[in-house]
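To start, the structure itself, in structure tokens.
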Amino acid sequence: MDRKAMLRRPIKELVWKLSPPGIAGMLMTSVNAMADAVFAGQFVGSSAMAGIALSIPFIFFNFAVVRLVGTGSAFIISRALGSGSKHILGSILYFTIALLVLFSVFISVSGYFFAGNLIRLIGGIGEVLQYGSQYYVIMSVFSLPSILGVGTSILIRSEGKVVFAMKITAVGVILNLILCPLFSGYFQWGVPGIGLATVIAMSVYSVLTIRYFISGKSHLFFGKIPKKIDLEMIKKIFSTGLPGFLNQLSGLVRQIFLFNIISLHHPETSLIVFSAIYRTFSFSVTPALGITQALQPVVGINYGAGKFIRVKESYSVFLRYNLILMALLVIPLFFFSNKVLTLLISDFPVTEIDVFYFRLLISIMLVFPVFPTTITFLQAIGKEKTASFMMIGRDFLLFYPIIAWCWIIKTTTSLYYGIFIENMICFLIFMVIMYYVLKENKYQL
């Protein structure tokens, strides 16, 4: 979708045009991680599934770096498209790709030497530790294709070309779904085979995204090679992308605490059940993140063009549809809770209390869209400091005190209730903050 459409078409129409491919792209991306866990559970065992689940938070941290660079650049690009800044559109690709490559080198080296320690840190023991370490070493050492592919795909979406970004994602995901069972099941390469399949799929994905920018079809272009490093642009990329980075970093730290509480005070079966529930929740909220991705170019481009009424309307309309979608998804998950858990846990029966815990966390989906929609909106209008403060405040004023209480109580029930209470309180705080933000008559460019 071009710049003119972003500035002129009704916001409701933009929701329907951009959200489905945004959701599809996010779902397919999540399928990569979810499929790896499912195939590990089916072809290797529940310990392999749990091991991959424990490695996922650290892989998410790697992608937090991608979000720091990719989304930081994306918001700058969207605003530049709205204002028509040729300087930014012709130079930002150089700095974005250079930063992504630099971070991928760091991830590769650190992952190779510290994989075992990291999985142990989050609660990995026995076979779970072994399988998790195997998977993470492969995913970190060969992280460059994933980092480049995901990072540059974010830039494509920032132009409003959500459908094109979704098609590229589909190629990588379909390839992964073919190779994973082939390598882990037919060739019996186990967890290393699953990791290898994902690396190959992400390599193809990366080539396709880079090819798009070279083809000249993008609004972005490789202008004259900068003679010196533009420190101001790099600083702006980091500051704008910081809330997204903090969001994913928070997810990693949260899971370290949560999984450690489970592994220290409860049997290994509790860790496996919690891994399955947490992974299901993470996958189920993916559509909400897809709608949020569609929101980003709409707000950014209109903000850059000074259309502040459309900017405010975008937040309200996108959030409303996001909440409705999550409510519709919660219903089948409640009715088929037992079957969903059984799909991931095949080695022992699912109990009634497991189903109760599952439903308790799944109910958070009813308010979840408020969190990513609000943070994305604030980044898009240049209020990244407010967004960062909200992320940090949520962790230190709500999450950590509640989890400390769960640590003292040492019961599985307190852990699940603690997660639920923290999200409900956070929902109310976010809505109050956005009430005052939306009351402002205009925003400062």
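The values are calculated or read from the model by the stated rules, or taken from the named source; none is laboratory data. Remember, it's a predicted structure, so these values are computed and weren't measured experimentally. Cβ: placed from backbone, ideal geometry, glycine included. Neighbour counts: every protein chain shown. Quick note on the areas: whole protein, heavy atoms, side chains included, nothing else; ligands and nucleic acids left out. Shrake-Rupley method; radii C 1.70, N 1.55, O 1.52, S 1.80 Å.
At a glance:
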| read-out | value |
| --- | --- |
| Members of the stretch 220-229 that are surrounded by fewer than 16 Cβ atoms within 10 Å (Cβ to Cβ) and at pLDDT 75 or above | 228, 229 |
| Among the candidates 109, 137, 101, residue that is open to solvent by 20 Å² or more (accessible area, probe 1.4 Å), over 18 Å from residue 253 (Cα atoms) and out of contact with any helix residue (DSSP H, G or I) (no Cβ under 8 Å at 6 or more places or on another chain) | 109 |
| Per-region count, the stretch 9-42, residues surrounded by 18 or more Cβ atoms within 10 Å (Cβ to Cβ), modelled with pLDDT under 85 and not hydrophobic (A, V, I, L, M, F, W, C) | 7 |
| Out of 208, 249, 242, sole residue that is part of a helix (DSSP H, G or I), touching a Ser or Thr at 6+ places or on another chain (Cβ under 6 Å), touching a residue at least 24 places away in the same chain (Cβ under 8 Å) and open to solvent by 40 Å² or more (accessible area, probe 1.4 Å) | 242 |
| Looking only at the stretch 408-434, and only at residues there that are among the β-branched types (Val, Ile, Thr) and closer than 20 Å to residue 357 by Cβ, the one that is surrounded by the fewest Cβ atoms within 10 Å (Cβ to Cβ) | 408 |
| Failed item, numbered, when residue 329 is tested on (1) open to solvent by less than 40 Å² (accessible area, probe 1.4 Å); (2) farther than 30 Å from residue 94 by Cα | (1) |
| Condition check for residue 318: free of Cβ contacts under 8 Å to residues at least 40 places away in the same chain and aromatic (Phe, Trp, Tyr) | no |
| Helices (runs of 4 or more DSSP H) enclosed by the stretch 307-423 - at least 3 residues per element that are hydroxyl-bearing (Ser, Thr, Tyr) | 308-335, 370-380 |
| Test: residue in the stretch 78-92 that is assigned to a helix (DSSP H, G or I), open to solvent by 30 Å² or more (accessible area, probe 1.4 Å) and hydroxyl-bearing (Ser, Thr, Tyr) | yes |
| Residue 324 being open to solvent by 10 Å² or more (accessible area, probe 1.4 Å) and β-branched (Val, Ile, Thr) | yes |
| Selected residue (only one of 158, 184 is open to solvent by less than 20 Å² (accessible area, probe 1.4 Å), under 30 Å from residue 80 (Cα atoms) and either of a type in the set (S, T, N, Q) or touching a strand residue (DSSP E or B) at 6+ places or on another chain (Cβ under 8 Å) (or both)) | 158 |
| Residue in the stretch 47-67 that is part of a helix (DSSP H, G or I), open to solvent by 10 Å² or more (accessible area, probe 1.4 Å) and more than 24 Å from residue 257 (Cβ to Cβ) present | no |
| Filter result for residue 309 (within 19 Å of residue 375 (Cβ to Cβ) and not acidic (Asp, Glu)) | no |
| Residue in the stretch 118-131 that is assigned to a helix (DSSP H, G or I), at pLDDT 85 or above and of a type in the set (S, T, N, Q) present | no |
| The stretch 80-95 residues that are free of Cβ contacts under 8 Å to residues at least 40 places away in the same chain, paired with ones that are open to solvent by less than 10 Å² (accessible area, probe 1.4 Å) and among the β-branched types (Val, Ile, Thr) (beta carbon under 6 Å, 6 or more apart) | none |
| Failed item, numbered, when residue 208 is tested on (1) under 19 Å from the mean Cα position of the chain (by Cα); (2) closer than 30 Å to residue 85 by Cβ | (1) |
